[in-house]
Amino acid sequence: MWIRVYAIFIKELKQLSRDRMTFGMIIMIPLVQLMLFGYAINTDARHINVGLVDLSQTSESRAVEQALVATQSVDFIARYRSIKEAEVAITKGEIRAVLYLPADMTRRLFNHPLYDNKQADSALTLPIGQWIVDGSDTVITSTIRTLRNMPLNEVANHTVTRSSPSFEVVQYFNPEQRTVVNIVPGLVAVILTMTMILFTSSAIVRESEQGNMEFLITTPVRSIELMIGKIAPYVLVGLLQVAIILSVGQWLFSVPIKGSFLSLLGSSILFIFASLTLGLVLSTIAKTQLQSMQMTIFILLPSILLSGFMFPYDAMPVAAQWIAEALPVTHFMRMIRAIALRDASLLLLGKDALWLGLFTVGGIVIASLRFKKTLG
Amino acid sequence: MNTSPITEPTEFAIEAKGLSKHFGNKIAVNKLNLTIPKGSIYGFLGPNGCGKSTSIRLLTGLLEASEGNVSILGSPLLGHEESLKKRIGYMTQKFSLYDNLTVQENLSFVGAIYGFAGKRKKNRLEELLALYDLEKQAKQFAGSMSGGQKQRLALACATLHSPELLFLDEPTSAVDPENRREFWERLFDLCATGTTILVSTHYMDEAERCHALAILENGNKRADGSPQALMDAMPATVVEVSGNKLRQLKQTLTQHPEILSAAQIGAHLRVLVKKKVQDPLNFISQLSNGRETVLARPSLEDVFVTCTGDRYVD
C-alpha cells in the first residue's frame with residue numbers, strides 16, 4: 001500500500017514543482033495578502049473626510065476646529081455656508097460627516113457646565129455644536145461618536161476637575177491596540193482555507209478532467225491510497241505558508257509569536273488536515289475544475305466573514321454562530337490567535353482541536369464512500 | 001473468499017453473455033455475447049458512438065453493467081474487479097499519462113503503482129525503454145512528444161506489469177500510417193508471448209489484421225468471426241461496373257431494393273447485390289444499360305457495409 005501512496009506523493013510533488021503558476025501562487029498568495037491586509041485593514045478609522053459649517057466665525061470656533069484636527073480622527077476638507085449645502089455634499093459622498101457650529105457657539109461654550117463652575121444646572125446646558133454623520137457606515141459613526149465627549153479645555157481656557165472613570169481598562173497582549181496584531185494570525189487561517197481547499201478540490205478533479213483517472217482506475221490503486229497520496233504534498237505546502245505568514249508578519253509588522261512551536265505546528269497540522277479533507281469531499285462532488293473552484297468560493301466567503309477574522313464572533317447572532325462553529329476555520333482562528341498572541345498551549349484549546357480532528361475523520365469517511373473507482 | 005468458485009483453466013480470455021448497458025433510456029450496449037479465445041487479437045469494428053468504448057469499459061470493470069455476465073480470464077468479473085486489475089492492461093483512447101512528467105518518470109510512477117520497486121523496477125523500465133524505442137526520449141516530457149511516441153509510451157505503461165489480457169481503445173487514432181504499421185508489429189509481438197488483445201478501431205485495414213472481430217453498430221453486434229469467414233459468409237455479391245457517368249448510374253442503382261450499396265472507387269462502381277439474385281452480373285448489366293461488369297473479391301469494408309446501416313441484411 002505505502003509504495004503506491006509514495007509513488008503518487010512523489011508524482012504530485014514533481015507536477016507541483018513544474019507547474020510554475022501554482023508554485024508561484026503558493027508563495028505569492030500569503031506574501032501579497034499579508035502586505036495588503038497588514039497595511040490596509042485598520043478598524044480604528046482615522047483621517048475621515050468631513051466638512052464644516054461655521055456660523056460662529058470666532059477665534060473659539062477656529063480653536064475647536066484645530067483641536068479636532070489635532071486628534072487625527074477627522075480632516076476638514078470643505079466649508080459650507082449652510083447645513084443644506086453640507087447635506088448635499090454628504091449625499092454625494094464627498095464628505096462622511098459635517099460639524100455644525102451655531103452662531104452662538106462661544107456663549108454655549110462658556111455656559112457649558114464642564115467649563116463654567118457657576119453654571120451647575122444641566123437643564124440649561126446646550127451642546128456646543130452638532131455632528132451630522134453618514135450613519136450607514138458603523139465604523140465611521142462610532143469614531144465620530146468618540147468625539148462627543150472630547151475635552152475642549154484649551155479652547156475654553158479652563159482646567160476641569162473631571163470625575164474619575166468607573167472602570168479602569170488594562171489591555172493585555174496588544175497594548176498599543178494595533179489591528180495588524182490580530183490580522184496576521186487570522187490571515188494564516190484564511191489563506192490556508194483558501195489554498196488547501198482549492199488545491200485538493202481541484203487535484204482529484206484534474207485527474208479525471210485530463211483523462212488520467214481513466215487509466216489510474218484500471219490499475220490496482222485503491223481510492224484511499226490515491227487520496228492520501230494526493231493530499232500529502234499539500235500538508236507541506238500548508239506548513240510552508242504558515243511559516244511565511246508568521247515570519248513575515250513578525251519581520252514587517254512586529255507581530256509577536258508568543259506560543260510554543262509545537263502548539264503552533266500541532267494546531268496548523270490539525271487545521272490543514274481538516275481543510276484538505278473538506279477539499280476532498282468537494283472534489284468527489286465536482287465534475288470539472290471550474291465547479292470545484294465555485295464550491296471553494298462558496299466555502300471561502302463564510303470562512304472570511306463568519307470565522308471572526310473580520311467581525312467579532314461574539315457580535316454574531318446565535319444561528320450565525322452555529323454556522324461558524326461548523327466551519328473548521330473558526331476553530332483554527334481561535335487557536336492560532338490564542339497560541340500566537342496569548343501563549344496558550346494546544347491542551348488549553350482541547351475543544352477546538354477535538355472538533356478539527358473529528359471533522360477530518362468524518363471528511364475522510366464521506367470522501368472515501370463517495371469516491372468510486374468507476375466512471376460515470 | 002470461500003464462496004468464490006475455483007478458477008478453472010479456461011481457453012477463453014473473455015466470455016460475455018447478454019452484456020447490456022443503459023444510460024437512462026439510451027441503450028449503449030445491447031445484449032452483447034462474446035467468446036474471445038486466449039492468445040488472440042480480437043477487434044471491435046464500428047463507427048464512432050457504436051458502443052466500442054463502452055463495451056471495453058464494461059469488460060475492464062470501469063463501468064458497471066446493467067445486465068449480463070462477464071468472465072475475464074476464467075473468473076467472473078463481478079466481485080473480482082480489483083484482483084483482475086493486476087492481470088489486465090488498459091490503454092485509453094485519449095493519452096492518459098502525465099504531460100508534465102518525463103517518459104522515465106511516467107514509467108516509474110506506473111511501475112510503483114503495480115508494485116515494482118528497486119532493482120526489479122529499474123530492470124523492467126530499461127527493458128521497456130529499449131523495447132518501445134524510447135531510450136532517447138527518456139528525459140523528455142511526455143507532453144512534448146509526437147503522437148507515435150506518446151502511443152508507444154502509453155503501450156509501455158499498459159504492458160508494464162505483463163498483463164495476460166490487454167484492452168486497447170482506438171490506439172491508433174492519433175498516429176500516421178507508418179507508426180500504425182509499426183504499432184501492429186508490436187501487438188503481434190505481444191500476442192506471440194501469449195497476451196490476449198482486445199482492440200477497438202474504425203479502420204478496415206486494422207480490423208483485417210485481427211484474428212477475429214465483431215462488427216458493432218448502435219450497441220448491437222451485427223456480425224463476428226475471422227475476417228475471412230466474415231467475407232465468405234457475406235450475404236451479398238460484389239460486382240464492379242466500369243464506364244462513364246458513374247455518378248448518375250449510382251443514383252439509379254441504389255434505389256433498387258436488391259442492391260445494398262454502390263460506391264465509386266476510382267473508375268469503377270462497386271455494387272453490393274443481395275445473394276438471392278441468381279445472376280448478379282447479368283442483373284447489373286441490364287440495370288446499367290449493358291456496361292461492363294466483373295465479379296470482385298469481397299473486402300472487409302463490403303462486409304461492414306452489408307451488415308450496418310439501414311439496409312443491413314440479417
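Each value in this text was obtained by applying a stated rule to the coordinates, not by laboratory testing. Small disclaimer: the values here were computed from a predicted structure and weren't measured. Note that each Cβ is placed from the backbone with ideal geometry, even for glycine, and that neighbours are counted across all protein chains shown.
Some values worked out for this structure:
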item	result
Cα-based helix-to-principal-axis angle, A:20-40 vs chain A, degrees rounded to 10	20 degrees
Spherically averaged projected area of chain A from its Cα convex hull (nm²)	24.6 nm²
Listed peptides A:70-78, B:161-169 by packing density, highest first (mean Cβ within 10 Å)	B:161-169, A:70-78
Sparse-neighbour loop sites [trypsin sites (Lys or Arg not before Pro); segment B:143-245; at most 16 other C-beta within 10 Å; DSSP]	B:245
Net charge of Cβ neighbours under 13 Å - reference residue A:246; Lys, Arg +1; Asp, Glu -1	+2
Extension gain, residue A:77 back to residue A:57 (0.36 nm per residue minus Cα-Cα distance, nm)	5.5 nm
Calculated FRET efficiency for the pair residue A:368/residue A:3, C-beta based, R₀ 30 Å, to 0.05	0.90
Cβ-based exposure ranking for B:210, B:191, B:157, in which fewest neighbours within 10 Å come first	B:191, B:210, B:157
Over chain A: helical MRE at 222 nm, DSSP H runs n ≥ 4 each giving -39500 (n - 2.57), nearest 500	-20500 deg cm²/dmol
Rounded tilt (10° steps) of A:83-92 against the dominant C-alpha axis of chain A	10 degrees
Quarter of the Cα convex hull surface for the protein assembly as shown, i.e. its orientation-mean projected area (nm²)	47.9 nm²
Length added when fully stretched, residue A:69-residue A:176, from 0.36 nm per residue minus Cα-Cα	36.4 nm
Residue B:87-residue B:264 FRET efficiency (beta carbon distance; Förster radius 60 Å; 0.05 resolution)	0.80
Neighbourhood charge, 13 Å Cβ-Cβ cut-off, centred on residue B:196 and excluding it, Lys, Arg +1 and Asp, Glu -1	-1
Fraction of beta bridges assigned by DSSP in the protein assembly as shown that are antiparallel (%, nearest 5)	60 percent
Helix-only [θ]222 nm of chain B, DSSP H runs n ≥ 4, -39500 (n - 2.57) each, per residue, nearest 500	-9500 deg cm²/dmol
Which of B:92, B:42, A:131, positive extreme of dipole for the protein assembly as shown (C-beta unit charges)	B:42
Amide H partners (placed H, <5 Å) of residue B:13, local residues excluded	B:36, B:38
Cα-projected label distance for residue B:123 with residue A:94, points at 7 Å along beta-carbon direction, nm	8.9 nm
B:197, A:90, A:27 arranged by Cβ crowding within 10 Å, fewest neighbours leading	A:27, A:90, B:197
Two-site label geometry, residue A:250 and residue B:27: point separation in nm, points 7 Å out along Cα→Cβ	7.1 nm
Percent of alpha-carbon pairs separated by more than 18 Å within segment B:235-297	19 percent
Burial ordering of B:170, B:301, B:185, fewest other beta-carbon atoms within 10 Å first	B:185, B:301, B:170
Fraction of antiparallel bridges per DSSP, segment A:48-156 only, in percent to nearest 5	30 percent
